[in-house]
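Asks: Could you have a look at this structure, given as C-alpha cells, before my questions?
The values are calculated or read from the model by the stated rules, or taken from the named source; none is laboratory data. It should be emphasised that the depicted structure is a prediction, and the values quoted were computed from it without experimental measurement. Quick reminder, even Gly has a Cβ in these numbers, built from the backbone with ideal geometry, and neighbours come from all protein chains shown.
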Amino acid sequence: MTKFEIRGLRADVLIGEDERQEILKGVDLTINSGETHAIMGPNGSGKSTLAYAIAGHPRYEITEGEVLLDGENILEMSVDERARAGVFLAMQYPVEVPGVSMSNFLRSSVTAVRGEAPKLRQFSKELQGAMKDLAIDPAFAARGVNEGFSGGEKKRHEILQLELLKPKVAILDETDSGLDVDALKVVSEGVNRAKAGGEMGVMLITHYTRILNYVKPDFVHVFAGGRVAESGGPELADVLESEGYERFVKAGA
Amino acid sequence: MTSPSTEPRAHSHGLGGIPFSKLATHGSFDVNDFPVPAGREEEWRFTPLRRLRGLHDGTAVADGTDKVDIDAPAGVTVETVGRDDERIGAAGFPADRVTAQAHTSFEKATVVTVAQGAALERPVTIHRQAQGGTRYDQFVIDVKPLAEAIVVLNQTGTGVRAGSVDIHVAEGARLTLVSVQDWDRDAVDVSQHNAQVAKDATFKSIVITLGGDLVRLSPKVAYKGRGANAELHGLYFTGDGQHHEHRSLIDHNMSNTRSRVEYKGALSGKDAHGVWIGDVIIGEGTTGTDSYEHNRNLQLTDDTRVDSVPNLEIFTGEVEGAGHAAASGRLDDIHLFYLRSRGIPEEEARRLVIRGYFLELVNRIPVEELREEIMAKVESKLAEHE
C-alpha cells in the first residue's frame, strides 16, 4: 500500500535569467495505490507543470509545499532518486537523445531502478515481450532514444518504460494527445496491464475524456488556475465533456 | 564546366579582373613562396606557432623515424617511391608554409593503389607509429575507376610530423578514408588531405583526432566531374592544453556535385582549444551544387575554448542547397533530465549522452569491427576525463 501526497505545492516556471512565473498555486492531492486519478483542465492551467515539477524538471522550481511518497518528501531527492523511489512520469513530449540506443538506455534504466542488472538473456526476452504487447517493431531497440520517432511511437515507448519500471506512482502527462484510436487502445491496454496488480497509483493528466473510456478513473479532478478547483467521481468527467471548462477558466482568472 | 576563379593555381596574387576566392585554394609546392607566418595571418591566427616546434620557420631539422606497417588485401599495391614520382602532388598544392615545407623536404613517399573495379575483402590499414624527432611525409591513395575501398590511417607515437595525403577517387569509385590521430600527448602533427573526386565517385573522410599537443589537419576536396560526392566527418576530443584544429575546404568547382561536412568535438579541461574552419566555395558558372556543413562542440568544462568559423563563398546563383550551422555549448540538461527521470544516476547519464554524441558520428564508419575499435579509443580518452 502506497500513499502519494501532494501538499500545498507551489512552483514557478523559469523563463529567463531573471524571469519566472508562478504556475502552481497550492496543489493538494492524495493518490493511494490502486487508484486512478484523472486530472483534467483547460490548456495553460498548469497540469503539465505539476507533472514536471514532481519529476524535477530543471525549468521548474518548487517554492513551497511537499510531495510525500509513503511519508518521505521526494522533493529533497535528486531527479534520479525520485525515479528510483518509484515515481514515473510519462512525458507529453518525450526527449530525443541522439546516439544512445533505446536498448542500452532501457537496460541502464531498469538496472538503476531495480538495483541490479537483469540477466542479459532474461532482459532481452522481457523487452521483446513488452515491445510486442505495445505493437512496437523490434527494430526500434537499436535506434537512438526517441530519435526520429513519430508522436505515437514516442508515447508507446513511454508506456513501454512504465511497464518495465513498475513504479509505485505513474504520472501520465497527456499520453493520449496526438494518438489515433488504435494507438490509444494499445497505449491504454499498456497502462491497464501496469495497473492490474493494484499496487500502482495513477495520475492521468488529460485534456479530453476520450482516454477515460479505456483507462477508468476512480476520481476526477478539475485543474484550473494552478490548483485543484473541483474533485469528484467519474461522473465529473461527463459533466466536463458536456459543459467544457468555461466556468473554471473564469473562476481561475 | 570548371570555374576559372577557384582552380588551384600557383601562389600569386592579383591575377587581374577575375573574381577570386579569398579562401585558400591557391598554394605552392615551394616553401619559399610562403613568408614565415607571424601569427596574425588569416590561416594562422588560431594556431599557437610556438608549439609548432619550428615547422613553420625552417628551423625544424628532419631527424625523425616512423615505423610503418601496411596491411593490404588483394587488389591493392603498395609502393615506396622517390621525390620524382609524378603521382606526388597531383591532387593539389600545399596551402600553407608548413605543408609546403613538408613537400620540399620529404625523401620517400608511400603510394597505395587500389586496382580498377576491385572490391576489397577488408580495409587497407596503414599503422604509422612515430618514433620521435621531426619528419615530413607524403602519402598517395589512388583508387582506380569503379573500385571500392576503405583505408585506415592509424597514427600513434610521438614526434613532430608534417605532410600531405593525396587522394584520387576515380570515376565511379568509392573510398572511405579513416584517419586516426591517436598521437602521444606531446606530438605535433600538421597535415593536409587533398582529395580529387571524379565523376560519380564518392569520397568519405572520417577524421578522428584524440591525441597530440597540437594537431592541425586540413582536408581539401575538389571535383573532377559531375555527380561527384564528398562527405567529411570529424570527431575530436580535446583535453587539457591540447590544440585540435580542423580546416576543411570544399571547392565545388564543377556542376552537380555534393558535399557534407560534419565535425563534432568535445572539450574538457583547462585551455583545451578546438578550432574548426569550414570553407566552401561554389564556383562561378556551376549549377546544381548541394552542400551543407556543420560543426558542434560540447564544452564539458568552462575553461575550454572553441573557434568555429564557417565560410561560404558563392559565385553563382544556381545552387541547389548551401547551408551551414555551428553550435557550441554544454551538455543538454534536458537530455540528462530525461535519462535521470528513468532512474539513471547523473554521472551515468552524462556518460551515456557524451557517448551518444560521438556514437552518432562513429556509426558512419562502415565496418562494425572498425567502429568498435574507434569507439574503444574514444572510450579510453573519455575515461581520462571522468
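Asks: Looking at this structure, is A:Leu165 closer than 25 Å to A:Thr49 by Cα, within 14 Å of chain B (Cβ to nearest Cβ) and free of Cβ contacts under 8 Å to residues at least 60 places away in the same chain?
Replies: When the stated conditions are applied, A:Leu165 does not pass them.
Asks: For the stretch B:27-41, how many residues are in contact with a Leu (Cβ under 9 Å, 6 or more places away or on another chain) and either crowded, with 18+ Cβ neighbours inside 10 Å or of a type in the set (D, E, K, R) (or both)?
Replies: Going through the stretch B:27-41 one residue at a time, the tally reaches 1.
Asks: Which one of B:Val61, B:Val78, B:Val114 is over 23 Å from the mean Cα position of the chain (by Cα) and either surrounded by 15 or more Cβ atoms within 10 Å (Cβ to Cβ) or among the aliphatic types (A, V, I, L, M) (or both)?
Replies: So the residue among B:Val61, B:Val78, B:Val114 that is over 23 Å from the mean Cα position of the chain (by Cα) and either surrounded by 15 or more Cβ atoms within 10 Å (Cβ to Cβ) or among the aliphatic types (A, V, I, L, M) (or both) is B:Val61.
Asks: Give the number of residues within the stretch B:169-192 that are surrounded by 24 or more Cβ atoms within 10 Å (Cβ to Cβ) and farther than 20 Å from B:Phe237 by Cα.
Replies: 3
Asks: Oh, and also: What number goes with the only condition from (1) within 12 Å of chain B (Cβ to nearest Cβ); (2) surrounded by fewer than 20 Cβ atoms within 10 Å (Cβ to Cβ); (3) out of contact with any helix residue (DSSP H, G or I) (no Cβ under 9 Å at 6 or more places or on another chain) that A:Arg114 does not pass?
Replies: (3)
Asks: Hey, can you tell me all the residues within the stretch A:55-95 that are assigned to a strand (DSSP E or B) and on the phi > 0 side of the Ramachandran plot?
Replies: A:Gly65
Asks: Could you please let me know if A:Thr30 is free of Cβ contacts under 8 Å to residues at least 40 places away in the same chain, more than 14 Å from every other protein chain (Cβ to nearest Cβ) and outside any loop (DSSP other than H, G, I, E, B)?
Replies: Yes; evaluated as a whole, the condition is true for this residue.
Asks: So, A:Leu69, is that one within 18 Å of A:Leu9 (Cα to Cα), more than 7 Å from chain B (Cβ to nearest Cβ), within 19 Å of the chain's Cα centre (by Cα) and not acidic (Asp, Glu) or not?
Replies: The answer is yes for A:Leu69.
Asks: Where residues in the stretch A:76-92 are surrounded by 15 or more Cβ atoms within 10 Å (Cβ to Cβ) and farther than 16 Å from A:Met203 by Cβ, which of them is farthest from the other protein chains (Cβ to nearest Cβ)?
Replies: Once the filter is applied, the top-ranked residue is A:Met77.
Asks: Can we say B:Phe237 is in contact with a helix residue (DSSP H, G or I) (Cβ under 9 Å, 6 or more places away or on another chain) and not assigned by TED's automatic domain parsing to the domain that holds B:Arg355?
Replies: Against the criterion (in contact with a helix residue (DSSP H, G or I) (Cβ under 9 Å, 6 or more places away or on another chain) and not assigned by TED's automatic domain parsing to the domain that holds B:Arg355), B:Phe237 qualifies.
Asks: Restricting attention to the stretch A:41-75, which residues are surrounded by 16 or more Cβ atoms within 10 Å (Cβ to Cβ) and among the small types (Gly, Ala, Ser)?
Replies: The answer is A:Gly41, A:Ser45, A:Gly46, A:Ser48, A:Ala51, A:Ala53, A:Ala55, A:Gly56, A:Gly65.
Asks: Still on this structure, I have one more. Consider only pairs whose beta carbons are under 7 Å apart and that are at least six residues apart or on different chains; among these, list those whose first residue lies in the stretch B:338-352 and is more than 7 Å from every other protein chain (Cβ to nearest Cβ) and whose second residue is aliphatic (A, V, I, L, M) and not in a helix (DSSP H, G or I).
Replies: B:Arg350/B:Leu331
Asks: Condition check: surrounded by 14 or more Cβ atoms within 10 Å (Cβ to Cβ), in the same structural domain as B:Arg161 (by TED's automatic domain parsing), at pLDDT below 95 and within 23 Å of the chain's Cα centre (by Cα). Does B:Gly54 satisfy that?
Replies: Spelling it out, it is not the case that B:Gly54 is surrounded by 14 or more Cβ atoms within 10 Å (Cβ to Cβ), in the same structural domain as B:Arg161 (by TED's automatic domain parsing), at pLDDT below 95 and within 23 Å of the chain's Cα centre (by Cα).
Asks: Further, regarding this structure: A:Val79 - would you say it is out of contact with any Asp or Glu (no Cβ under 7 Å at 6 or more places or on another chain), without any contact (Cβ under 8 Å) to a residue 60 or more places away in the chain and hydrophobic (A, V, I, L, M, F, W, C)?
Replies: Yes; evaluated as a whole, the condition is true for this residue.
Asks: Now a separate question. Exactly one condition in (1) touching a helix residue (DSSP H, G or I) at 6+ places or on another chain (Cβ under 8 Å); (2) away from chain B (no Cβ under 13 Å) is not met by A:Gly151; state its number.
Replies: Among (1) touching a helix residue (DSSP H, G or I) at 6+ places or on another chain (Cβ under 8 Å); (2) away from chain B (no Cβ under 13 Å), A:Gly151 violates only (1).
Asks: Mind checking which helices (runs of 4 or more DSSP H) fall wholly inside the stretch B:320-386 and carry at least 3 residues that are under 21 Å from the mean Cα position of the chain (by Cα) and of a type outside the set (Val, Ile, Thr)?
Replies: B:346-362, B:368-383
Asks: A further question on this structure: Test A:Pro98 against the stated conditions and say whether it is in a strand (DSSP E or B) and within 12 Å of chain B (Cβ to nearest Cβ).
Replies: Yes, satisfied.
Asks: Which members of the stretch A:3-62 meet the condition of being in contact with a helix residue (DSSP H, G or I) (Cβ under 6 Å, 6 or more places away or on another chain) and of a type in the set (Phe, Trp, Tyr)?
Replies: If the condition is that a residue be in contact with a helix residue (DSSP H, G or I) (Cβ under 6 Å, 6 or more places away or on another chain) and of a type in the set (Phe, Trp, Tyr), then A:Tyr60 is the only one that fits.
Asks: Do we find a residue being touching a strand residue (DSSP E or B) at 6+ places or on another chain (Cβ under 9 Å) and within 11 Å of another protein chain (Cβ to nearest Cβ) anywhere in the stretch B:293-315?
Replies: yes
Asks: Please note which strands (runs of 3 or more DSSP E) are completely contained in the stretch B:58-144 and include at least 1 residues that are among the hydroxyl-bearing types (Ser, Thr, Tyr) and assigned by TED's automatic domain parsing to the domain that holds B:Ala173.
Replies: Of the strands (runs of 3 or more DSSP E) lying wholly inside the stretch B:58-144, those with at least 1 residues that are among the hydroxyl-bearing types (Ser, Thr, Tyr) and assigned by TED's automatic domain parsing to the domain that holds B:Ala173 span B:76-81, B:109-114, B:124-143.
Asks: Show the residue pairs meeting these rules: Cβ distance below 8 Å; 6+ apart or different chains; first residue within the stretch B:305-321 and farther than 17 Å from B:Ile277 by Cβ; second residue modelled with pLDDT under 90 and polar (S, T, N, Q).
Replies: Note: pairs meeting the criteria are B:Phe315/B:Ser3; B:Phe315/B:Ser5; B:Phe315/B:Thr6; B:Phe315/B:Ser21.
Asks: Of the residues B:Ala95, B:Ala100, B:Ala130, B:Ala91, which single one is touching a helix residue (DSSP H, G or I) at 6+ places or on another chain (Cβ under 7 Å), in contact (Cβ under 8 Å) with a residue 60 or more places away in the chain and closer than 26 Å to B:Gly58 by Cβ?
Replies: Sole residue among the options that is touching a helix residue (DSSP H, G or I) at 6+ places or on another chain (Cβ under 7 Å), in contact (Cβ under 8 Å) with a residue 60 or more places away in the chain and closer than 26 Å to B:Gly58 by Cβ: B:Ala100.
Asks: Search the stretch A:198-210 for residues that are under 16 Å from A:Glu235 (Cα atoms) and pair each with any residue that is small (Gly, Ala, Ser) and assigned to a helix (DSSP H, G or I) when their beta-carbon atoms are under 6 Å apart and the residues are at least 6 apart or on different chains.
Replies: From residues that are under 16 Å from A:Glu235 (Cα atoms), the pairs are A:Thr209/A:Ala237.
Asks: Residue check: is B:Glu373 free of Cβ contacts under 8 Å to residues at least 40 places away in the same chain, under 19 Å from A:Ser108 (Cα atoms) and more than 8 Å from every other protein chain (Cβ to nearest Cβ)?
Replies: Judged against the criteria, B:Glu373 is not a match.
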